[in-house]
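Remarks on the structure that follows.
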Amino acid sequence: EELAVLRFEKKVIGPAYAKLCKAKLLDRKGPVSLIAKMDGSNHEVARARVLPYYEGLLVLQELEARHNSKSIALPSWFTADLQKLLEEERVKFSKSGPGLSGGLYVEKRLLDTAVTGARIFDKSDKEWQYRREKLS
């Protein structure tokens, strides 16, 4: 119920609700992933809420671009540390190719992946995972 109040009554959605941070994937068990944040703390999170590193960089890049075009304010969690990380990764990826590229990411990583909502149920009431890879 608390989540419903936050998301629907207080409109805490999108960047205000979800938070990106750099973490290391330690283990996956069914719908749960165990991650280690850079501060050393370990957390269990829904597997559907874990983004691949490059995809997270693309999200940061898009938030920054929208902020620069004055269409949104940056979320409070978009810290100077994340900004520095984004800049460092742009430099790194521009040395080996076109920099951070959503098109390249789709071509290399998502062509054989089905991405749905966090939980999708079919007509047999079977639950499907958020991200199914290696479909081809």
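A cut-off of 5 Å between modelled amide H atoms, ignoring neighbours fewer than 5 places along the same chain, links Val32 with Arg47.
For the listed residue pairs Lys24/Lys92; Lys29/Lys126; Lys19/Lys123, the alpha carbons are over 23 angstrom apart in Lys19/Lys123.
Label-to-label distance for Asp81 and Lys29 is 2.7 nm, based on points extended 7 Å past Cα in the beta-carbon direction.
Between Ser101 and Glu88, the distance separating the two model label sites (each 7 Å from Cα on the Cα→Cβ line) works out to 2.4 nm.
Per residue, the stretch 12-101 exposes 65 Å² of solvent-accessible protein surface, assessed with a 1.4 angstrom probe and all protein chains in place.
In terms of its Cα atoms, the stretch 20-80 spans 41, 22, 16 Å along the principal axes, sorted from long to short. The stretch between Val5 and Lys123 holds 39.6 nm of extra length on full extension. This uses 0.36 nm per residue minus the Cα-Cα distance. Counting protein heavy atoms only, the stretch 16-75 has 55 percent of its accessible area on carbon and sulfur, 1.4 angstrom probe. What is the local net charge at Ser71, summed over the other residues whose Cβ is closer than 15 Å to its Cβ (Lys, Arg +1; Asp, Glu -1)? So the environment of Ser71 carries a net charge of 0.
The values are calculated or read from the model by the stated rules, or taken from the named source; none is laboratory data. Worth saying up front: this structure is predicted, and the values here are computed from it rather than measured. Cβ atoms come from the backbone with ideal geometry, glycine included; neighbour counts cover every protein chain shown. Remember, those area values only see protein heavy atoms, side chains included, never the ligands or the DNA or RNA. Shrake-Rupley method; radii C 1.70, N 1.55, O 1.52, S 1.80 Å.
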